[in-house]
Each structure stands twice: as C-alpha cells, then as structure tokens.
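This report refers to the structure that appears directly beneath it.
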Amino acid sequence: MITVSNVGLRYGDRKLFEDVNIKFTPGNCYGLIGANGAGKSTFLKILSGEIEAQSGSVHLGPGERLAVLKQNHFEFEEHEALKVVIMGHARLYEVMQEKDAIYMKADFTDEDGMKAAELEGEFAELNGWEAESEAAILLKGLGIGEELHDKKMADLSGSEKVKVLLAQALFGKPDVLLLDEPTNHLDIKAIQWLEEFLINFENTVIVVSHDRHFLNKVCTHIADLDFGKIQIYVGNYDFWYESSQLAQRMAQDANKKKEEKIKELQSFIARFSANASKSKQATSRKKLLDKISLDDIRPSSRKYPYVGFSPDREIGNDLLRVDGITKTIDGVKVLNNVSFIMNKDDKIALVGANELAKTTLFKILTGEMEPDEGTYKWGVTTSQSYFPSDNSEFFENSDLTLVDWLRQFSPQDDSESFLRGFLGRMLFSGEEVLKKASVLSGGEKVRCMLSKMMLSGANVLLLDEPTNHLDLESITALNNGLINFKGSMIFASHDHQFIQTIANRIIEITPAGIVDKQMMYDEYLEDPAIQKQVAEMYQ
C-alpha cells in the first residue's frame, strides 16, 4: 500500500495540486489521468521519491518495495540485458554482487565464509535462485529472445531497450509498481502480454497512459487529476469518461427528479457491468460498480475539441486502385508488390511492424514519393486530405499567427470571425489564436493539422499516426469524429481502441506482401489462421 497525505506542489504561481489524500491499495490498478500539463508524471515522481512535494508526505507500507519504469534508455549501456532486469530489485542485485566479490577473493578467510553464509541466507529469502529464470521469462514475454539476454544494452535497439527497462520494473513482484506510458514503443504482442501480466498482478499498480484500450483492460480504478485534486473513481477509463459525461448532462438538467437520475445511473452501471470482459480486473470492477451512488459521479473540467469532417461532395464507387507497388529505401524493400482496391465506405487501418512501410505507402498515394514499380489511381469523384506523421514542414520558420496560418487552408471563408470561431472549437481561445505557429507544442500542431483537414471538405482521409502527441480528450474527440465521418479513409495508428472502433478493414504490410481482411481489428487479431499466415510472412 502507498499512502499520500496532504501532498501539494506549485511551480511559481502555478498550482499543480494541493491537499491530495489517497490510499492506493493492493490488488488494484489505478489509471492516473489528467489534461496535458496537469502534473501526472510529476505526481509519479513524488510517489517514487525522485522529487519532493512542497507539503505533505508519501508513505510506503513497512518492508514494502516500490518499482518504477525508468525513462532514461541509456542508463545501463554497459550492462547485459538480463542483469539490467535483475537490477530492478536493488537489494537482491546488491547481495549478488557482494556474494560474488567474496567468492572471487584469493585469500578467503573464516570471516569471509561467515559473511558469505549470511548473504546466501538473504539471497535465498529474496528468491535469488529464481532470479535469472524470472528475468528471462519477463524478457521473453516482452519479445526479447534468449540470444539478446547476454548482450549489452548499448548493442540493443531503442524498442528493445524499452522492453528491458519494462521487465526491470516488473521484476521481483514489487509491492507498488509505477508505470509512466509503459506501452510506448511496444508492439501489439508485447502490449497484450503486459495487459495479462497486470491483470494477474496482485499488488498495487499506478499507471499513466494515453492508450485507452490498455487503461480499459487493466484498470480497476481511475485516479483523476482535476481541479488541482486527485479523485479516485471505480471502473476503467471508458466508465470514467461515460460517467463524467452523464454527470454533466445531469448537472445541466436541473429540473430532472432525483428518482429519474438514480434510474438513469442504475441503467448506466448495469450496461457497463454487462459489457465487462471476463478477467480478474473486470470481476473486481463489477462488484465495486454496483455500490456507486449518485453522489459518486461528478462532472469533469475537461474540455474536448470539436472534431468533425464534412465531405463537400458525395463519393462515387471508384475510389482507389493500387497495383503492384514496390519500394526499396536504403537497400531495404519496405513495400513488396502491394495491390488492393479501395471501396466506398472503406475505413482501412494499415498495420504492421514496419513504421517506414506505412509512411512510405502514404507518401506514394499522396504523390510525395514515386514507387520503384507499380501504379495507383484515384477515382475522379475523390478528393483527398493527408495527415503526415511528421508535420514539421508546415510550422517551421513560420511567423504567421494561428489565424493567418489557418487562413491559408480555408477555401470558403477566410474571415477573422470564422477562423477564430473554428480555432475556438479546437480549444484555441482568446489571445491564443495570435500565437506564432512556429512555437506550438506537439499536441497543438496536431490540432491545427486536423483543423486544416476539416476545412478541406475532402471525402477521403489519409492519416498517418494522428493520435501522436494528443491528450486523451483530443484522442477521444478525434476518435468520435472519424467514427461519424461519412467518407472513406486509410489510417495508421498504434491506438488499439482507435483502430477497433473506426476500421472495418485491416491491411497488414509485411516483408512478403500484404494481408487484407474485411473485418474488425479484434477479429483480425483473434483469428488463429490469419495470425499464422501473418507470422509466416514475417519469416
């Protein structure tokens, strides 16, 4: 258990949080959420002891151990991967080092023998004999093969280092586990393995993540950082989101009788309980959900941008034909004989391990790059709008204000009032619209790019990782906007829920070609025959 008492922190005149009083209890997984800049990562650092709060205190249970997912990927460059994992249990690793140093002595004394015996006893108590096998199991589960276990971290790729550091945090069954964006740079199989690990983890987990599917799978509670306080809610992210929306509607409808509100709440809880997946986390949530009262749900201060795409013209049946597109970059064939026909109402998710392959296909389809072989042809009724994974060229060295930046892409109405109103719906209010485009944050640039696309009136959207840099509120708004889009689209994303709720067709790009299936994403992942075919194409 970890107990937070009266914790507060300010940066200058800015209050991040104050008088935070919470108990994080064993057996629960808490999703820590809050708007960008609210202080989520800072709060985790206070819990870990990396920084001190200005007021209050944090207490760990007696004899309990806390583990943190390290963010410095270059901290252990000279150490072997397996050893780095075991370092996650600092005392165990220290005992191993001391023990080995004594046994390596040339002049081994009786005193050394006694010390070694003492250390051997502690080593056994700390489950040291199982340490290497447990570390190997964690690495293997995350996709780090045995051939890499004895390699130095300096010799591993960036994504491999991330997995080793994650295994380090999970090692040795810590009593409290703090995870800041643990799914970043993980492939789908590693994420699925981590979900199962956390679902079955019996101690306390506190996690920050922008991956809604992950939060929904693993969380029993949501810790919402809002109004400078942290409020604990039972349930996963979707339950928190829907309940905050329900609370907002109830608050706005002051004339509604309390009995009607209670009935609406009960119906809402019953729906979520019925939809819960069959896991330990879901069972735990269901018991707690049944106890929620009307006073337990509250409106959120969160603001959601308005994201809506309206095609200027209806799309015909002839959209896009791709025939045998092949492309080699720096000696590596990233696209191999890619062929498909895009149909009306298709919402295609491009998936696959090679990010460059997906981006290359987008660049070819938008005319930014030529294929080595093959052709593509857009239908005459189509108009396309493209969201690139790298948008820097649209903003670098731009002295334009946001209003003037957006004016470049407004074909119908470029009046000041229209553009200010449009930016306001995308959460740029007041004097913010006069900011220079070149100084925007990553999330602000994405919202500007989405604004540009909305103004285009295109009936085919191409989006390459549009959720990068966005907070949960903007991801949710974009997700809903694309669900409601009446045109067709091709998109790439790492966000599981984003793909599952939008796509009706999956195209996986592999080294041997594509796998093309007209189905939902979960169906695609859960079909053994398809996954066997995909695995063979990666070999």
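Given (1) surrounded by 15 or more Cβ atoms within 10 Å (Cβ to Cβ); (2) part of a loop (DSSP other than H, G, I, E, B), where does E368 come up short, assuming only one miss?
(1)
From the residues in the range 47-89 that are part of a helix (DSSP H, G or I) and under 13 Å from V176 (Cβ atoms), which one is most open to solvent (accessible area, probe 1.4 Å)?
The residue in question is S48.
Suppose we filter the range 193-239 for residues that are open to solvent by 30 Å² or more (accessible area, probe 1.4 Å) and without any contact (Cβ under 8 Å) to a residue 24 or more places away in the chain; how many remain?
1
Of the residues G113, G121, G172, only one is assigned to a loop (DSSP other than H, G, I, E, B) and open to solvent by 20 Å² or more (accessible area, probe 1.4 Å); which?
Just one listed residue meets the conditions, G172.
Pairs please, first residue from the range 497-526 and open to solvent by 50 Å² or more (accessible area, probe 1.4 Å), second anywhere and at pLDDT 95 or above and assigned to a helix (DSSP H, G or I), Cβ atoms under 7 Å, 6+ apart in sequence or on different chains.
Correct list of pairs: T501/N479; T501/I483; K517/Y524; K517/I530; M520/Q500.
Looking at T42 and the list (1) closer than 24 Å to F197 by Cβ; (2) assigned to a helix (DSSP H, G or I), which single condition is not satisfied?
Result: T42 fails condition (1) only.
Consider G141 carefully, then state whether it is small (G, A, S) and either touching a residue at least 40 places away in the same chain (Cβ under 8 Å) or closer than 20 Å to F201 by Cα (or both).
yes
Out of A135, A124, A154, A117, report the one residue that is modelled with pLDDT of 90 or more and touching a helix residue (DSSP H, G or I) at 6+ places or on another chain (Cβ under 7 Å).
A135
For residues that are touching a residue at least 40 places away in the same chain (Cβ under 8 Å) and of a type in the set (D, E, K, R), scanning just the range 371-398, find the one that is most open to solvent (accessible area, probe 1.4 Å).
Per the criteria, the residue is K377.
Going through K358, K363 one at a time, which residue ends up being outside any strand (DSSP E or B), basic (K, R) and either over 21 Å from G487 (Cα atoms) or open to solvent by less than 20 Å² (accessible area, probe 1.4 Å) (or both)?
Only one candidate qualifies: K358.
When both residues are 6+ apart or on different chains and their Cβ atoms are under 6 Å apart, which pairs have a first residue that lies in the range 67-80 and is farther than 11 Å from D155 by Cα, and a second that is open to solvent by less than 80 Å² (accessible area, probe 1.4 Å) and of a type in the set (S, T, N, Q)?
Here the result reads V68/S48, each pair linking the range 67-80 to a residue that is open to solvent by less than 80 Å² (accessible area, probe 1.4 Å) and of a type in the set (S, T, N, Q).
Look through the range 162-193, keep the residues that are charged (D, E, K, R) and under 18 Å from the mean Cα position of the chain (by Cα), and return whichever of them is farthest from F214 (Cα to Cα).
Among residues in the range 162-193 that are charged (D, E, K, R) and under 18 Å from the mean Cα position of the chain (by Cα), the one farthest from F214 (Cα to Cα) is K163.
On the basis of being open to solvent by less than 10 Å² (accessible area, probe 1.4 Å), in contact (Cβ under 8 Å) with a residue 40 or more places away in the chain and under 13 Å from L461 (Cβ atoms), does G481 make the cut?
Here the answer is yes, as G481 does meet what is asked.
Only residues that are closer than 20 Å to D330 by Cα and touching a Pro at 6+ places or on another chain (Cβ under 6 Å): list them for the range 363-400, please.
If the condition is that a residue be closer than 20 Å to D330 by Cα and touching a Pro at 6+ places or on another chain (Cβ under 6 Å), then I364 is the only one that fits.
Can you tell me which residue within the range 178-188, out of those that are out of contact with any strand residue (DSSP E or B) (no Cβ under 9 Å at 6 or more places or on another chain) and modelled with pLDDT under 90, is least open to solvent (accessible area, probe 1.4 Å)?
Ranking the qualifying residues of the range 178-188, first place goes to L186.
Among the listed residues G31, G37, identify the single one that is without any contact (Cβ under 8 Å) to a residue 40 or more places away in the chain and not hydroxyl-bearing (S, T, Y).
G37
Select from the range 161-192 the residues that are basic (K, R) and in contact (Cβ under 8 Å) with a residue 40 or more places away in the chain and write down the one among them that is farthest from E242 (Cα to Cα).
K161
So F409 passes all but one of these: (1) under 19 Å from Y306 (Cβ atoms); (2) crowded, with 19+ Cβ neighbours inside 10 Å. Which condition number does it fail?
(2)
Residues to consider are D414, D464, D495; find the one that is in contact with a Leu (Cβ under 9 Å, 6 or more places away or on another chain), within 23 Å of A353 (Cβ to Cβ) and of a type in the set (D, E).
Only one candidate qualifies: D464.
Can you name every one of the helices (runs of 4 or more DSSP H) wholly within the range 198-274 that holds 1 or more residues which are farther than 13 Å from N28 by Cβ, at pLDDT 90 or above and out of contact with any Asp or Glu (no Cβ under 6 Å at 6 or more places or on another chain)?
212-218, 237-252
Show me the helices (runs of 4 or more DSSP H) found entirely inside the range 454-539 where at least 1 residues are β-branched (V, I, T) and either in contact with a helix residue (DSSP H, G or I) (Cβ under 7 Å, 6 or more places away or on another chain) or over 22 Å from K344 (Cα atoms) (or both).
In the range 454-539, 472-483, 496-502, 528-538 are the helices (runs of 4 or more DSSP H) which contain 1 or more residues that are β-branched (V, I, T) and either in contact with a helix residue (DSSP H, G or I) (Cβ under 7 Å, 6 or more places away or on another chain) or over 22 Å from K344 (Cα atoms) (or both).
Is there a residue in the range 313-330 that is under 31 Å from the mean Cα position of the chain (by Cα), farther than 23 Å from H494 by Cβ, open to solvent by 80 Å² or more (accessible area, probe 1.4 Å) and touching a residue at least 40 places away in the same chain (Cβ under 8 Å)?
no
Being closer than 13 Å to M426 by Cα and in contact with a His (Cβ under 8 Å, 6 or more places away or on another chain) is the filter; apply it to the range 437-470 and report the residue that is most open to solvent (accessible area, probe 1.4 Å).
K445
Looking only at the range 365-423, which residues are acidic (D, E) and at positive phi?
none
The values are calculated or read from the model by the stated rules, or taken from the named source; none is laboratory data. Note that the structure is a prediction, hence the values are computed from the model and not measured. So basically every Cβ, Gly included, is an ideal-geometry build from the backbone, and we count neighbours across all protein chains shown. Accessible surface is based on the protein model in full, side chains and every heavy atom, while ligands, DNA and RNA are left aside. Shrake-Rupley method; radii C 1.70, N 1.55, O 1.52, S 1.80 Å.
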